[in-house]
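A.B. asks: This is the structure I want to talk about, given as structure tokens.
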Amino acid sequence: MKTICITLMLVLAVALVQGQGIPTKKCPPGEHSVLYCPQMAEPSCDNPKVHDLDRPSACDIPQCFCNVPQVRNTKTGKCVNMANC
């Protein structure tokens, strides 16, 4: 009986910890999920570094950023190498 109680408490503890995961976003191939607070602007052809947004932004909203070394082409919305900007 003692073993059953301990097992149930362990299962409950694992379930509680798993339920507190960091929010992520399902991103297309070649991109990954990031979570900044406050949100940051992703590297783009115009500014190839992660930088502050020019407007107020919320927290805890996952975004998709291009995988390094690519940046976002803001005209097409696609990830490209800097040489192709």
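A.B. asks: Non-local amide H neighbours of HIS51 (under 5 Å, H modeled in plane, Pro and chain starts lacking H): which ones?
C.D. replies: Correct list: ALA41.
A.B. asks: On to the next question. If the cut-off is a Cα-Cα distance under 17 Å, which aspartates and glutamates reach LYS26, setting aside same-chain residues fewer than 8 apart in sequence?
C.D. replies: Filter leaves GLU42, ASP60.
A.B. asks: Here's something else I'd like to know. Can you give the FRET efficiency to the nearest 0.05 for CYS45 and THR24, using r as the Cβ-Cβ distance and R₀ = 30 Å?
C.D. replies: Details: r = 26 Å, r/R0 = 0.86.
According to the calculation, E is roughly 0.70.
A.B. asks: What is the distance, in nm, between label points placed 7 Å from the Cα along the Cα-to-Cβ direction at LEU53 and at VAL80?
C.D. replies: In this crude spin-label approximation the distance works out to 2.4 nm.
Laboratory data are not the source of any read-out in this text; all were calculated from the coordinates shown. None of the values given here were measured: they were computed from a predicted structure. Positions of Cβ are backbone-derived with ideal geometry, glycine not excepted, and every protein chain shown enters the neighbour counts.
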